[in-house]
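Bear in mind that the values in this text are calculations on the coordinates, not laboratory data. Small disclaimer: the values here were computed from a predicted structure and weren't measured. FYI the Cβ positions are ideal-geometry reconstructions off the backbone, even for glycines, and counts take in every protein chain you see.
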Amino acid sequence: MKHKSITAVVLALMLVLSLGTTAFAASETTATVPVTLTVANEYRAVNVTVPASLPVYVINGTVVVADNARIINNSKSGAIQVTNISVTDGAYKVGNYTNFSGNKTIALKINGCPTVTAGKLNITSSAFPVIGAGESQLLTYYAKISGDAPNADNVNAANVVITISIAD
C-alpha cells in the first residue's frame, strides 16, 4: 500500500512539473477569440392593393374617369405612403395637363398633381398622406385627351407607376 502511494505522489509531481514546463516555456502567448456577430433584420412586407388600371373613356367628346380608384393598405400593422408616381408614354405621348396641346397626347392630374411631360410627378405629402394599417386612399384623377383620338377599345394610352414605401 505504501508503494502505491509513493507511485501516486511521483506521478502527480511529474504531472505538475510537465504542466509547469509548458507554461514557462514562452514569455507570451497568443489566443484566438471568435467574434460572434448577430444581425437581426426586421422583415416587413408591404401588403397593398393598387388599381389594376386607371380607365379613361371619351364618350361623345367628354372625358370620363373612374371615381372609385383606391390604394388600400392591407397590413394589420404599419403605415405606408406613396413616395413616387411616374407617368410614362404608352400609345399616346404624355403631355402637360395645365397647358394641354399636341396630337395623340394624354395628360393626367392625380390627386391634384398634374403631368408636365412623361416622367415623375411632383407629388406632395398632402396629396398623398400616410395610409394607416387597414385604411385606404382615394385616387382622384382627371385626364385630357387630344382630339385626334381614334375610335378604339382598351388602348394602353399611358402607364402610371406608383411607388409605395413603409411609412414608419
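Projecting label points 7 angstrom from Cα along Cα→Cβ for VAL155 and VAL33 puts them 7.4 nm apart. Set the Förster radius R0 to 25 Å, insert the Cβ-Cβ distance between ALA127 and LYS76 as r into 1/(1 + (r/R0)^6), and round the FRET efficiency to 0.05. Between ALA127 and LYS76 the formula returns 0.45. For the pair the range 50-101 / the range 107-168, the C-alpha centres are spaced 3 Å from each other.
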